[in-house]
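Have a look at the structure below, then the notes.
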Amino acid sequence: IHIMTTISANIRNASEKLEAIRSAGNIPAVVYGAGIPAPMSISIEREAFKKAWKAAGGSSAITLSVDGKNMDVLIHDFQIDPATDNVIHADLLALDKSTKVTVGVEIEFEGISPAVKAGVGTLEKMLHEIEVEALPADLPKNIIVDISKLENVGDHIQVKDLVISSKVEVKNDSEDIVVVVTGLQEEVESTEVDLSAIEVEQKGKKEEDAE
């Protein structure tokens with residue numbers, strides 16, 4: 001069962017200075033979306049936000065409690081101060097519990113490919129996220145892909161091979177390759193160099209002809 005993370009927030013007054021909010025250990029944030037006529041300014045405790053991000057990421061819904069009201073939201077975006085690494089602002093997207101939404105869900109690769117471990121191939125990750133549609137409560141944080149089954153060069157995992165809840169509809173083409181083991185690249189690289197050298201020679205000849 002998918003248990004939703006809950007975070008509390010307070011309505012933020014326009015007169016409150018952002019720096020004061022941050023120095024008190026909170027993050028100024030804005031909520032917009034379903035059921036919210038105008039964007040709502042709020043503040044969230046920084047540590048609670050970090051825990052929610054760790055648990056839900058950007059694709060899994062969390063419950064936001066503001067003034068005794070609960071709403072399902074996605075952490076749509078946030079900004080980090082490069083000097084301190086602290087989150088300094090967040091955008092939250094309110095969702096309608098009964099309306100499906102489409103989001104990009106991150107793929108997490110697990111395990112070790114025997115082909116790569118043996119040094120016979122290279123792992124090529126073709127997709128890093130999958131687009132899915134689901135009700136807010138069913139949105140996954142990530143999709144786990146086990147690469148320990150990839151034993152030989154040419155072995156691959158397609159979208160249709162992914163283990164995903166039946167409540168979640170995948171929008172990508174089922175035949176799309178997620179990850180594949182390719183042969184080692186040394187020969188390909190030397191060929192590429194030769195091709196570029198030939199191109200340069202041809203260009204040189206053309207320029208001479210023009211003169």
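The values are calculated or read from the model by the stated rules, or taken from the named source; none is laboratory data. Since this is a predicted model, take the numbers as computed values, not measurements. Quick reminder, even Gly has a Cβ in these numbers, built from the backbone with ideal geometry, and neighbours come from all protein chains shown. Just the protein is used for accessible areas: all its heavy atoms, side chains included, with ligands, DNA and RNA removed. Shrake-Rupley method; radii C 1.70, N 1.55, O 1.52, S 1.80 Å.
Data table
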item	result
Paramagnetic label zone (point 7 Å from Cα along Cα-to-C-beta, E131; backbone N under 13 Å) in the range 93-121	102-105
Share of carbon and sulfur in the accessible heavy-atom surface of the range 113-168 [1.4 Å probe, %]	49
Greater than 20 Å apart at Cα, pairs in K54/K171; K54/K100; K50/K141; K97/K167; K141/K167; K51/K167	K54/K171; K54/K100; K51/K167
Which of S65, N10, M40, positive extreme of dipole for the range 1-87 (C-beta unit charges)	S65
For the chain, calculated [θ]222 nm from helices alone, where every DSSP H run of n ≥ 4 adds -39500 (n - 2.57)	-6500 deg cm²/dmol
Computed magnitude of the charge dipole of the range 73-135 (debye, nearest 20; Cβ of K, R +1, Cβ of D, E -1)	240
Gyration tensor verdict on the range 49-178 (Cα atoms; rounded if a/c is under 1.5, prolate if a/b is larger than b/c, oblate otherwise)	oblate
Dipole magnitude of the chain about its Cα centre (Cβ charges: Lys, Arg +1; Asp, Glu -1), debye to nearest 20	1700
Trypsin sites (Lys or Arg not before Pro) within the range 30-99, DSSP loop, no more than 15 other Cβ atoms inside 10 Å	K97
Dipole magnitude of the range 19-99 about its Cα centre (Cβ charges: Lys, Arg +1; Asp, Glu -1), debye to nearest 20	200
Distance from the range 1-58 to the range 89-104 (C-alpha centre basis), Å	14
Charge dipole of the chain about the Cα centre (unit charges at C-beta), most positive-ward option of P82, I107, F49	F49
Pairwise label distance in nanometres, K69 with T6, each label 7 Å out on the Cα-Cβ vector	1.7
For M126, distant residues with modelled amide H under 5 Å away	V179, V180
Cβ-based charge dipole, the chain, positive-most Cα from N142, T122, G25	G25
